[in-house]
Structures are given as structure tokens and as C-alpha cells.
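**Student:** Take a look at this one; I'll ask things after.
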Amino acid sequence: MSHADHEAAHELSLYIENDGQLHRQQGEPILKNLILKVAKRTYDHDKAVKLYMYLMESGAKKYCKEFGGTWNVMFSVPTRKLAAEEFAKSFEAEAALGNY
């Protein structure tokens, strides 16, 4: 089993955070969905990570289309999961501060 590549996960996170199209098309809908889950008290960390995995996959594909490489080799499942975990933890931290 391959291990998560922390540098690649960080690179993917930064790429996604700075891509307006990915943010608008997938990031915002995920955020709205999670905010709703928190409000309804049905928020589940593992499900949030699963949701963010879709965004990580889209980001990885777009990154490789732009810079070359094979998306699922450059950003393995453990690497994408690490990035998705960071997005979920960031959301949880912001939600705990009442920033939504």
C-alpha cells in the first residue's frame, strides 16, 4: 500500500484553494452542504472527508492536465485523502469559530 505524500497533498491543496473555477463549481457547494449539516447537527467528519475527496480528484485531474503527469499516480488515494482530511479539519475549525 502506498503512503501519503505530504508535499504532494500540500501542493494539491494549494492548487485547489487558488483555482477559482474548482472553488465555485465544487468547493462552494460542498461548503454549503457541510454548513447545513452542522446547523442540523448531522455533521459527520468521515462523510465530509468523502465529499472533499471528489474535490481532490477533480483538482488532481485539472492539475495534471495543466502541468502534465498522471493524476492518480502523482496524487495517490492516500495523498488525496490526506488533503481531504485537511480541508475537513479546516472547515471544522472555521465552523467552531462561528465563521459560517
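**Student:** Using a/c under 1.5 as the rounded threshold, could you call the range 41-100 rounded, prolate or oblate? The axes a ≥ b ≥ c are square roots of the C-alpha gyration tensor eigenvalues, and prolate needs a/b larger than b/c, oblate otherwise.
**Tutor:** Details: a/c = 3.15, a/b = 2.32, b/c = 1.36.
It comes out prolate by the Cα gyration axes.
**Student:** Please report the carbon-and-sulfur percent of the accessible area for the chain; probe 1.4 Å, protein heavy atoms only, DNA, RNA and ligands left out.
**Tutor:** With neighbouring chains kept in place, the figure for the chain is 54 percent.
**Student:** So for the pair Lys89, Ile35, with labels modelled 7 Å out along Cα→Cβ, what separation do we get in nm?
**Tutor:** Modelled inter-label distance: 2.4 nm.
**Student:** If you count only protein heavy atoms with a 1.4 Å probe, what accessible area per residue comes out for the chain, rounded to a whole Å²?
**Tutor:** 65 Å²
**Student:** Also, I was wondering about something else. Apply the Karplus parameterisation 6.51 cos²θ - 1.76 cosθ + 1.60, with θ equal to phi minus 60°, to every residue of the range 3-18 and state each ³J(HN,Hα) to the nearest whole Hz, in sequence, with x for glycine and proline.
**Tutor:** My calculation for the range 3-18 gives 9, 5, 9, 4, 5, 5, 4, 5, 4, 4, 4, 4, 4, 5, 4, 9 Hz in order.
**Student:** Go from 0 up to the bin containing the longest alpha carbon distance in the chain, width 5 Å each, and give me the % of pairs per bin.
**Tutor:** In order of increasing distance, the bins hold 2, 14, 25, 24, 17, 10, 5, 2, 0 percent.
**Student:** Separate question: Using θ = phi - 60° and the Karplus curve 6.51 cos²θ - 1.76 cosθ + 1.60, what whole-Hz ³J(HN,Hα) does each residue of the range 86-100 get, with Gly and Pro shown as x?
**Tutor:** Per residue, the Karplus-derived 3J(HN,Hα) values read 5, 4, 5, 5, 5, 4, 4, 5, 5, 5, 5, 7, x, 7, 10 Hz.
**Student:** Still on this model: Determine, for each peptide in 76-85, 29-38, 56-65, the mean count of other beta carbons within 10 angstrom over its residues, then list the peptides with the highest first.
**Tutor:** 76-85, 56-65, 29-38
**Student:** Follow-up. Which FRET efficiency value, to the nearest 0.05, is calculated for Glu28 and Val77 with the Förster distance at 22 angstrom and r the Cβ-Cβ distance?
**Tutor:** Approximately 0.35, to the nearest 0.05.
**Student:** Would you mind calculating the gained length between Lys47 and Glu7 on full extension (0.36 nm times residue separation, minus the Cα-Cα distance), in nm to one decimal? Walk me through the intermediate numbers first.
**Tutor:** Working: separation 40, 0.36 × 40 = 14.40 nm, distance 2.42 nm.
Answer, rounded to one decimal: 12.0 nm.
The values are calculated or read from the model by the stated rules, or taken from the named source; none is laboratory data. Bear in mind that the values here come from a model prediction, so they are computed numbers and not experimental data. Note that we place each Cβ from the backbone using ideal geometry, even for glycine, and neighbour counts take in every protein chain shown. Protein only, heavy atoms only, side chains kept; ligands, DNA and RNA dropped before computing areas. Shrake-Rupley method; radii C 1.70, N 1.55, O 1.52, S 1.80 Å.
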